[in-house]
Structures are given as C-alpha cells and as structure tokens.
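A short write-up of the structure that comes next.
Just so it is clear, none of the values below were taken in a lab; they were calculated from the coordinates. These numbers come from a predicted model, not from an experiment. Note: ideal-geometry Cβ built from the backbone for every residue, glycine included; neighbour counts use all protein chains shown.
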Amino acid sequence: MTDKIGSYLRKHTEALVKDVGVEAAAAVCGKSKATLGRYYSADPDHAERFMPIDVVARLEGAARFPHVTTALADLRGVTLSYDEKKRNAKAGGINSDVVALSQRFALLMAEYNQSIEDGKITINEAKRLLTETQAIQRVLLDVKLHLEDETAH
C-alpha cells in the first residue's frame with residue numbers, strides 16, 4: 001500500500017512541477033531542476049525522497065491547481081473547498097462551466113478510446129488520461145465555486 005501511496009504522490013508532485021514549469025518551479029522554491037526531478041522520480045534510489053511541505057506550499061502558490069494538496073486530501077477521502085476570501089471564480093458562471101465540463105469529458109473519452117484500442121493502457125497513455133481527469137477536476141471545482149456563489153445570495 002505504501003508503494004501505491006508513494007507512486008500516487010509522485011505523480012501529483014510531477015504534475016505540480018510541470019504545472020508551474022520546471023525552470024520556474026526551481027526559481028520559486030530555490031531547488032535545482034535535478035532535485036525537483038528526484039522528488040517524483042520512479043528510480044528506487046529516490047524511493048524515500050518526497051518534496052518537503054514548504055516547497056509544496058510555494059509551488060502550489062504559483063500553480064493553477066493544488067495538485068499535491070488535492071492528492072493528500074484524496075488519500076484521506078477529504079473534499080476541499082477554496083477559502084471565500086482567496087478564491088477567484090472565473091467569469092462566465094455555471095453555464096460556461098457546464099460547456100467546459102462537457103468539452104473536457106469529451107476529450108477524456110477520446111483519449112480513453114484511443115488508449116484502449118490495443119486492449120491495454122500504457123504509462124504514457126495513463127499520464128494523458130490523468131491530465132484530462134485533472135482538467136475535469138479543475139472544471140468541477142469551478143462549478144462548485146459558482147454554485148456556492150449562487151446559493152450564498
């Protein structure tokens with residue numbers, strides 16, 4: 001189980017670094033690109049190495065999405081909400097969100113159909129599916145924020 005948790009956290013750590021951009025991430029947190037790469041490396045030599053929480057906090061401050069925080073919450077079955085004072089709901093409202101959700105879901109299904117054609121999903125195909133799934137998750141957060149705004153009025 002611990003290996004699965006480590007692997008799950010590494011995937012989300014990698015997504016966080018790539019969300020910010022490797023060079024920008026290195027600048028934001030004061031770590032080298034090589035050190036950042038070690039935090040999500042599948043190499044057994046780095047199996048016990050994880051990104052320090054202060055580095056996660058700095059990078060998530062620069063990222064579009066809190067990848068590692070969300071992963072940790074998912075592992076515990078926790079649902080996250082943005083703080084009312086800090087959240088920045090996009091303009092467009094729920095109707096735009098529903099359109100965006102439909103589009104992202106269509107992309108996920110297209111990616112899945114392409115991935116499963118040969119009967120197995122490769123690591124690269126799984127990464128693309130994960131990317132689409134995370135995009136849907138971001139849209140669902142926007143939906144949630146807009147719905148919360150609607151019910152607060």
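Shown for Ser32, Ser115, Ser7: other C-beta atoms within 10 Å of each C-beta, ranked fewest to most, produce the order Ser32, Ser7, Ser115.
Couplings 3J(HN,Hα) of the stretch 21-32, computed from phi: x, 4, 5, 5, 4, 4, 5, 5, 9, x, 10, 6 Hz, in residue order, whole Hz [Karplus 6.51 cos²θ - 1.76 cosθ + 1.60, θ = phi - 60°; x for Gly and Pro].
Ranking of Tyr112, Tyr39 by neighbouring Cβ atoms within 10 Å, starting from the fewest: Tyr112, Tyr39. Shape class for the chain: oblate, because the ratio a/c of the largest to smallest gyration tensor axis (alpha-carbon atoms, square roots of eigenvalues) is 1.5 or more and b/c is at least a/b.
In the chain, what is the count of Lys pairs whose alpha carbons are under 22 Å apart, counting only pairs at least 8 residues apart or on separate chains? Lysine pairs meeting the criterion: 14. In the stretch 93-152, Cα pairs under 8 Å separated by at least six residues give a relative contact order of 53 percent.
The label point for Asp45 and the one for Gln114, both projected 7 Å from the Cα toward the Cβ, are 3.4 nm apart.
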